[in-house]
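Notes follow once the structure below has been shown.
Read-outs throughout are calculated quantities, based only on the coordinates presented, and are distinct from any laboratory measurement. Computed from a prediction, not measured in an experiment: that's the story for all the values here. Cβ: placed from backbone, ideal geometry, glycine included. Neighbour counts: every protein chain shown.
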Amino acid sequence: MTLTIPADDHGQIRVFATDADLPAEVIEKTPRGLEYLFEAELNPDFVDIVRIADLGGMALSAYIAEGYDMAPDLVDKAAVDAITGYAVLVLSRATGEVETTLTPADGLRHVTTYSPVAKITPPEPLPDASAKGILEPKPTKPPKSDARMSGMVATYALLAMFALVGLMIWVGG
């Protein structure tokens, strides 16, 4: 059985299980070990190998819910918690956004896939009738006329001359 992960896959966790003892290369997540498991190149940073006995009293579904922030009701919780040997968790990012076909090794089986549900709700229309229609743009000030600009320049020039004459009288007096 093969499983193809599309290039645009995002946010999913594929859960595989095996009761067989895994070689050290697989547990250490070396490229050769992951290729042994899936016959594909995967980024080991996004593959998690969990020995169920190491979880103690914690269920695998709780481990995934807490460790990966995935709601436990997204998959068959009973099937995930029934895994006894090793669980191999393959995140979407393990493929590097390249379409990848996984061919699980003998004894490794696909249990389920966690797929986050997008919570997109359409906007509700505004209840008030005054909310309908098109808003008029704010009125803008008309540009200053040339006559007004000339008057402002003349006023500043007269003020400067008045200050200069006052300074000359004060210095001379």
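Rounded to the nearest 0.05, what FRET efficiency is calculated for ASP21 and VAL98 with R0 set to 41 Å and r the Cβ-Cβ distance?
0.85
Mean-square fluctuation check for the chain, GNM, Cα pairs under 10 Å: which of ALA82, ALA105, ALA154 is largest?
Greatest mean-square fluctuation among the candidates belongs to ALA154.
Based on the alpha-carbon gyration tensor of the chain and its eigenvalue square roots a ≥ b ≥ c, which shape applies: rounded if a/c is under 1.5, prolate if not and a/b is larger than b/c, or oblate?
Cα axes put the chain in the prolate bin.
With axes computed from alpha carbons, what is the tilt in degrees of helix 146-172 against the longest principal axis of the chain, rounded to the nearest 10 within 0 to 90?
Between the helix axis and the principal axis of the chain, the angle is about 70 degrees.
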